[in-house]
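The values are calculated or read from the model by the stated rules, or taken from the named source; none is laboratory data. Quick caveat, the model's predicted, so the values are computed rather than measured. Backbone-built Cβ (ideal geometry, glycine too); neighbour counts: all protein chains shown.
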């Protein structure tokens with residue numbers, strides 16, 4: 001179990017490794033391009049080599065990309081769905097170049113037409129990304145909080161996509177805040193056990209390759225995507241003790257996406273909270 005964080009890659013992508021070391025992160029998640037737009041510039045070979053060298057020398061990893069916020073593979077706007085597919089193809093190829101495991105992304109909104117209506121379109125888009133990206137990169141679906149008709153707030157939907165696409169490279173990232181907001185109670189050992197029993201039944205724990213570890217500003221089932229620092233939200237420290245104790249998470253990297261106690265993003269204090277829980281539970285690193 002590696003404890004990492006989403007960090008800035010501004011300046012040069014390899015600076016993300018330096019920022020990880022500053023806060024004690026053991027793995028990083030980054031945006032390789034500005035997340036609010038479609039623009040993507042191919043990554044310089046020297047920058048890619050420096051990123052891989054720094055990550056290897058300092059033992060930082062597994063590392064991941066996060067897809068841009070605009071991706072919406074189930075949108076009735078065909079051009080929007082096409083741009084999202086192309087963005088993911090670019091990211092997956094860059095992931096290969098930088099030696100990161102793959103790209104974590106949100107499926108986006110079906111804009112009110114329902115999951116069944118957009119199901120085939122989403123599957124076709126996923127297959128297109130996989131067919132046009134290297135075999136050593138993973139395409140990683142992140143569960144949603146359910147706001148704005150977003151696809152994937154329930155495990156049943158994600159499982160249906162995985163079964164239809166049937167690719168060993170299509171995986172899942174579980175966001176703790178999104179799951180809590182979608183109605184999965186992760187605050188107790190019993191709640192975590194029930195949640196992961198459903199995850200196993202609908203998705204399969206073998207598909208879990210990453211965790212976004214965040215407390216929640218909104219209440220259970222609120223359907224709102226709003227992250228909080230560990231212990232300062234509606235979930236509380238006990239929730240993360242229960243999560244880290246569950247065997248499904250023993251070999252999965254955790255990435256913090258919290259606001260930070262100083263408002264500057266994931267920080268050493270949040271990292272240390274998770275590390276102390278890991279040490280208390282004697283979880284292997």
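What number of residues within segment 249-272 satisfy the criterion of being surrounded by 19 or more Cβ atoms within 10 Å (Cβ to Cβ) and in contact with a helix residue (DSSP H, G or I) (Cβ under 9 Å, 6 or more places away or on another chain)? Final tally of qualifying residues: 8. Criterion first (under 20 Å from residue 26 (Cα atoms), out of contact with any strand residue (DSSP E or B) (no Cβ under 8 Å at 6 or more places or on another chain) and not in a loop (DSSP other than H, G, I, E, B)) does residue 198 satisfy it? Against the criterion (under 20 Å from residue 26 (Cα atoms), out of contact with any strand residue (DSSP E or B) (no Cβ under 8 Å at 6 or more places or on another chain) and not in a loop (DSSP other than H, G, I, E, B)), residue 198 does not qualify. Only one entry of 5, 9 meets the criterion of being within 15 Å of residue 62 (Cα to Cα) and crowded, with 21+ Cβ neighbours inside 10 Å, and that entry is 5. Name the pairs: first residue in segment 253-271 and farther than 19 Å from residue 64 by Cα, second residue at pLDDT below 95 and surrounded by fewer than 19 Cβ atoms within 10 Å (Cβ to Cβ), Cβ to Cβ under 8 Å, at least 6 apart or on different chains? Close Cβ pairs (under 8 Å, with a partner that is at pLDDT below 95 and surrounded by fewer than 19 Cβ atoms within 10 Å (Cβ to Cβ)) do not exist here. Considering segment 230-242, and only residues there that are surrounded by 20 or more Cβ atoms within 10 Å (Cβ to Cβ) and in contact with a strand residue (DSSP E or B) (Cβ under 8 Å, 6 or more places away or on another chain), the residue that is nearest to residue 7 (Cα to Cα) turns out to be 230.
The condition of being under 20 Å from residue 209 (Cβ atoms), surrounded by 19 or more Cβ atoms within 10 Å (Cβ to Cβ) and modelled with pLDDT of 95 or more holds for only one of 133, 167, that being 133. Counted as qualifying within segment 104-191 are the helices (runs of 4 or more DSSP H) with 2 or more residues that are touching a residue at least 12 places away in the same chain (Cβ under 8 Å), farther than 25 Å from residue 226 by Cβ and over 16 Å from the mean Cα position of the chain (by Cα), namely 115-131, 155-165. The single condition from (1) out of contact with any helix residue (DSSP H, G or I) (no Cβ under 8 Å at 6 or more places or on another chain); (2) in a loop (DSSP other than H, G, I, E, B) that residue 80 fails is (2). Residues of segment 1-59 that are in contact with a strand residue (DSSP E or B) (Cβ under 6 Å, 6 or more places away or on another chain), in a loop (DSSP other than H, G, I, E, B) and within 27 Å of residue 246 (Cα to Cα): 7, 25, 26, 27. Scan segment 182-199 for residues that are surrounded by fewer than 20 Cβ atoms within 10 Å (Cβ to Cβ) and within 18 Å of residue 142 (Cβ to Cβ) and the total you get is 2. Has segment 101-111 got any residue that is at pLDDT 95 or above and out of contact with any strand residue (DSSP E or B) (no Cβ under 8 Å at 6 or more places or on another chain)? Checked segment 101-111: no residue is at pLDDT 95 or above and out of contact with any strand residue (DSSP E or B) (no Cβ under 8 Å at 6 or more places or on another chain). Residues of segment 263-285 that are in a loop (DSSP other than H, G, I, E, B) and either within 20 Å of the chain's Cα centre (by Cα) or at pLDDT 95 or above (or both): 263, 264, 265, 266, 267, 285.
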